Amino acid sequence: MNLPHLHLISFAICPFVQRSVITLKYKKVPFQLDLIDLLDPPDWFRERSPLGKVPLLIVDHDTVLFESAVINEYVDAITPPPLMPAEPLEQARTRAWIEYLSEQTFAQYQWMTATTEDAFELARHTAARGLERLEQQIGTDDRLGAPGFSLIDATLAPILMRYALLEDPDSPWEADSFPRLAARWETLRDMPAVRDSVPADFAAQLVDYLRQQEGFAPAHFAAKLATST
């Protein structure tokens, strides 16, 4: 099967881009990866990205796809065997959980970048409630808790990677409190597609990113991560 040329535009620590890198690597799809500075993106990126966001996938040097869930479904569709189920209802359920995990990604980001202590506590509470629902549902929902790797896992892995890295007494995440999710992460973190989806210096780059932010949470995490990298 002749695959199109795939050119993924990213920046190194974006969890949404990481979803697509995981999917591409899991499906063993050759792709070109270019990193940009989102604070100062090149003109060609501004012209080609309708939302001004990453990830952006350029197919055969011409066609542009955006939004990680769309990119992942496209990559999956052109590389059998598919990860997306065949039945429309199961496809819808998969997309619903991916959307839910997008909300949890935003909740995590708000916790990581909260500008005040009050905002930090509110974001922590919101993120914790999201994790509690995931923990409950992964034990009962056969789509969320299905064995084997799925497009849902490609969306979940970046969230759990960041929580594992940002261990903190005030974290929404505590492995002992979420044993099903923790077991899932133990499986995902050892997969080459997940392990190799971020740069080797990912933690250091995350520190640098947080140092560029202002407020309570960035200062807290930057200081903590600086002592561990």
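The values are calculated or read from the model by the stated rules, or taken from the named source; none is laboratory data. The structure presented is a predicted model; accordingly, all values stated were derived computationally and were not measured. Note that each Cβ is placed from the backbone with ideal geometry, even for glycine, and that neighbours are counted across all protein chains shown.
Some observations on this one:
- Selection of the range 127-145 for residues being closer than 20 Å to A92 by Cβ and either under 19 Å from the mean Cα position of the chain (by Cα) or buried (at least 18 other Cβ atoms within 10 Å of the Cβ) (or both) yields R133, L134, I138, R143, L144, G145.
- When we screen R195, R189 for residues that are in contact (Cβ under 8 Å) with a residue 24 or more places away in the chain and either surrounded by fewer than 18 Cβ atoms within 10 Å (Cβ to Cβ) or in contact with a Leu (Cβ under 7 Å, 6 or more places away or on another chain) (or both), the only hit is R189.
- Flag if W173 is within 18 Å of the chain's Cα centre (by Cα), in a helix (DSSP H, G or I) and either surrounded by 14 or more Cβ atoms within 10 Å (Cβ to Cβ) or at pLDDT 90 or above (or both): no
- Among residues of the range 84-102 that are not polar (S, T, N, Q), those with a beta-carbon under 6 Å from a residue that is not in a helix (DSSP H, G or I) at least six positions away or on a different chain give the pairs R93/R143; W97/L144.
- Extreme residue, farthest from L165 (Cα to Cα), among residues of the range 179-204 that are modelled with pLDDT of 95 or more and small (G, A, S): A193
- Per the listing Y100, Y163, Y109, the residue uniquely under 23 Å from F202 (Cα atoms), surrounded by fewer than 20 Cβ atoms within 10 Å (Cβ to Cβ) and assigned by TED's automatic domain parsing to the domain that holds A182 is Y109.
- Residue selected from the range 47-100 under the condition charged (D, E, K, R) and at pLDDT below 95, by the criterion farthest from L8 (Cα to Cα): E47
- Residue in the range 74-82 that is assigned to a helix (DSSP H, G or I) and touching a residue at least 60 places away in the same chain (Cβ under 8 Å) present: yes
- If the condition is being in a loop (DSSP other than H, G, I, E, B) and surrounded by fewer than 18 Cβ atoms within 10 Å (Cβ to Cβ), then the range 83-97 contributes M84, P85, A86, E87.
- Check on D76, of a type in the set (D, E) and in contact with a Ser or Thr (Cβ under 8 Å, 6 or more places away or on another chain): yes
- Residues considered: R19, R93. Of these, the only one that is closer than 24 Å to Q136 by Cα, among the charged types (D, E, K, R) and within 15 Å of the chain's Cα centre (by Cα) is R19.
- The requirement of being aliphatic (A, V, I, L, M), outside the structural domain of R189 (by TED's automatic domain parsing), assigned to a loop (DSSP other than H, G, I, E, B) and surrounded by 14 or more Cβ atoms within 10 Å (Cβ to Cβ) is not satisfied by L24.
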